[in-house]
Amino acid sequence: MDIDVACYAGYRGEETPRRIRFGTWDIAVAEVVDRWLAPDHRYFKCRGDDGALYIIRHDVLSERWELILFEQKKADGPVHGP
């Protein structure tokens, strides 16, 4: 799935995702949990402000961002009905 990602470029010019957008759905990146950098692709494992986990990939050559994995936050404890 193609996505839009807003990034911050640090003092070394290394881009870090700050916001992920899926159409009109906008998620702030609360934490970059991990990253894997290669010459042609960059992967970021991020926790969103919604508590979900996202793995996103940046194709350096095409400048495209893709959603690789989405894992929704699990409920804490039992869920009670009405």
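Any idea what the dipole of the range 2-71 comes to, in debye rounded to 20, about its Cα centre with Lys/Arg Cβ at +1 and Asp/Glu Cβ at -1? With Lys and Arg at +1 and Asp and Glu at -1, about 160 debye.
Cut-off is 10 Å between beta-carbons; in what order do PHE44, PHE70 appear when sorted fewest neighbours first?
By the 10 Å Cβ count, ascending: PHE70, PHE44.
Residues within the reach of a label modelled at LYS73 (point 7 angstrom out along Cα to beta-carbon, backbone nitrogen below 17 Å), restricted to the range 48-62, are 48-55. Taking only the Cα atoms of the range 2-71, the radius of gyration and Dmax are 11.2, 31 Å. The length gained on full extension between TYR43 and ARG64, counted as 0.36 nm times the residue separation minus their Cα-Cα distance, comes to 6.4 nm. Annotation: amide H of ARG19 within the under-5 Å range of ALA6, VAL29, sequence separation 5 or more or interchain, hydrogens built in the peptide plane.
Read-outs: derived from the displayed coordinates by stated rules, not from any lab. Remember, it's a predicted structure, so these values are computed and weren't measured experimentally. In this analysis, Cβ positions are derived from the backbone assuming ideal geometry, glycine residues included, and neighbour counts consider all displayed protein chains.
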